[in-house]
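One structure below.
The values are calculated or read from the model by the stated rules, or taken from the named source; none is laboratory data. It should be emphasised that the depicted structure is a prediction, and the values quoted were computed from it without experimental measurement. Backbone-built Cβ (ideal geometry, glycine too); neighbour counts: all protein chains shown.
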Amino acid sequence: MAISVEQAQEEILGYIHVLGPERKPILECLGQVLAEDIHAESEIPPWDNSAMDGYAVRAVDTRGASEASPRVLSVIDEAAAGSPSQARVARGMAIRIMTGAPLPAGADAVVQFEHTDEQIRRASMEDASHIGILRPAKKGLNIRNRGEDIAVGSRVLPRGTVLRPAEIGVLASLGHSTARVVRRPVISVLATGDELVDIDVPLAPGKIHNSNTYTIAAEITRYGGIPRILGIGRDSMESLNEKIDESLSSDMLITCGGVSRGDYDMVKNVLAQRGQINFWTVHMKPGKPLAFGMIGRDRSIPHLGLPGNPVSSMVTFEQFVRPAILKMLGKENLAKPTVLAIIQRDVTNRDGRRELVRVTVTRHGREYHAVPTGPQGSGILTSMVKANGLAIIPEDTGGVKKGDVVRVQMLDWSRSL
Ligand code: AMP
Ligand code: MG
C-alpha cells in the first residue's frame, strides 16, 4: 500500500495514547507535561517590598524636593531582604532599604540611592542619621506590590503546561518540591541484521558497526523518551522473537532494518505472529519502507519498523517516531518547527515522492537560505552531521529551482538564525 507522509502519521497517532502520571522532584520534570492544575495557595510576593536599593519614605514628605532644595528626612532604621524593619515611617522619617526587603509600615514609596544625597554625605563624613531627597517621589514608586506576580487562588499553571525552567521556578516559588507530570515513555530499540556488530567489536570482513541503535536512542532521549537498548537481532525468526520478548514491558518498540526487500518476509512474519502489522510504502525519500503494527498480548504496544539505512532511519524517526513520543508525553504541538528558506541550488525530484533534502540553513538579512549538504545517499550519515534542516521538496513537482522558496524542517536551532 502506498500512502502519504501525513496518512502514515495520522494512522500511527491514532494508536498512540497519552501515558499516565508520575510524581517526582521538580528538577527531574524538565520538558515534561503537568498532569495537574497548579493553584496558588499563597500570593507572590507575600508582602509589598522594595524594587530598589534606596530609602523608604512617605511620598508627601518628598514634595517639591530638588537638587537645589533637598527634603531632609531623619533615617530611623535599616531594612534588608530577610531582615525587615519593625519601625514605622512617620512624618519626616525614612528607612534605608535594600531590594526585596518588606516595605516598612507608614512608607508608600522608595527613593533610589541615586536620587538622594547619600554619596555626598558619605564623602563629607556627615552623620548618617539624615538623608536629603533630591526628587519628589510618587506614591508606589519602586514598590513591588503584594500579589502582583501571583494572586491567591489563581490557576498559575494549568494541566498540560510543558515545564520549562520558568515553570519550574514558579513551582519552587510556590513551595512545591514535586510535581505530577505525564510519565516519559520507555522505548525499546532493536537493530536487525547479520552484518551488524556492537560498537566495541573490531570489524571483520563484511561487518559494520551498529550505529542506528545509538542515533535512535539519542533521538528518543532528545525528544523526552527513555531508550531501552535491546542490542542486535539476527536475521532469523528465533533471534528476532527472543529480542521482541524483551520489549514487551516497554511503551513502544522501534526496530530498524529488515523492512526492505531482502529480509522483508522474515520480519513481517515474526511481527505478524506477534500482533498486527502493516508494511507501508510511504511516499517519501529517503525512507520508503516503513512498518507499523501493535504487538504484545493485548496488542497494546506500538511497533515502528524503520528502514536500516542510517539517514533513512533518522529521517523517518523525525517524521513518525518524534510525534508519537510527543503525544505519549501529553504534548499538543506535534509538528516539527519549520522555516521558509530560499533554496540555493536546483533540486530535481523525478520519482513523485516527497523528498527531504539535508540542508544547511543560514540567515541573510531577512531571508533564510538553504544549501543542500552535498551527496544525499541514504547511507551517508555525515550528510545529517552537516545539516541543520530538512528541506521539503514536494511530491509530484519535478523538483525546485535555485531561488524557489521551500519549507525546511529545523533539526536544530543551535546556530543563531
Ligand atoms: P536493511 O533495511 O536491513 O536492508 O538495511 C539497509 C542498509 O542499512 C544496509 O546497508 C544495512 O547494512 C544498513 N543498516 C541496517 N541496520 C543498521 C544499523 N543498525 N546500523 C548501521 N547500518 C545499518
Ligand atoms: Mg538488514
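Summary of computed values
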item: Matching option when the condition is at pLDDT 95 or above, in contact with a helix residue (DSSP H, G or I) (Cβ under 8 Å, 6 or more places away or on another chain) and crowded, with 22+ Cβ neighbours inside 10 Å, among A137, A79; result: A137
item: Qualifying residue in region 63-76 (condition: surrounded by 17 or more Cβ atoms within 10 Å (Cβ to Cβ), of a type in the set (D, E) and farther than 30 Å from I220 by Cβ); result: no
item: The one condition in (1) under 30 Å from L411 (Cβ atoms); (2) within 16 Å of ligand 2 (Cβ to nearest atom); (3) of a type outside the set (G, A, S) that L253 fails to fulfil; result: (2)
item: Residues located in region 182-200, provided they are more than 16 Å from ligand 2 (Cβ to nearest atom) and not in a loop (DSSP other than H, G, I, E, B); result: V182, V186, I187, S188
item: Qualifying position, being closer than 30 Å to E246 by Cβ, part of a loop (DSSP other than H, G, I, E, B) and out of contact with any Gly (no Cβ under 8 Å at 6 or more places or on another chain), among L141, L203; result: L203
item: Members of region 103-125 found to be within 47 Å of the chain's Cα centre (by Cα), assigned to a loop (DSSP other than H, G, I, E, B) and among the charged types (D, E, K, R), listed by number; result: D108
item: Answer from K401, K386 - the residue that is of a type in the set (K, R), over 25 Å from N309 (Cα atoms), surrounded by fewer than 19 Cβ atoms within 10 Å (Cβ to Cβ) and more than 19 Å from the chain's Cα centre (by Cα); result: K401
item: Among (1) at pLDDT below 95; (2) within 16 Å of ligand 1 (Cβ to nearest atom); (3) not hydrophobic (A, V, I, L, M, F, W, C), the one test that D149 misses; result: (2)
item: Selected residue (criterion: surrounded by the most Cβ atoms within 10 Å (Cβ to Cβ)) from residues of region 199-230 that are of a type in the set (S, T, Y) and under 24 Å from the mean Cα position of the chain (by Cα); result: T213
item: Test result for R353, of a type in the set (K, R) and either touching a residue at least 60 places away in the same chain (Cβ under 8 Å) or in contact with a Lys or Arg (Cβ under 7 Å, 6 or more places away or on another chain) (or both); result: yes
item: Filter result for the condition that a residue is more than 14 Å from ligand 1 (Cβ to nearest atom), closer than 18 Å to C256 by Cβ and in contact (Cβ under 8 Å) with a residue 40 or more places away in the chain, over I216, I187; result: I187
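Residues checked against (1) within 16 Å of ligand 1 (Cβ to nearest atom); (2) within 28 Å of the chain's Cα centre (by Cα); (3) farther than 19 Å from K386 by Cβ:
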residue	(1), (2), (3)
K285	yes, yes, no
P289	yes, no, yes
R322	no, yes, yes
L334	no, yes, yes
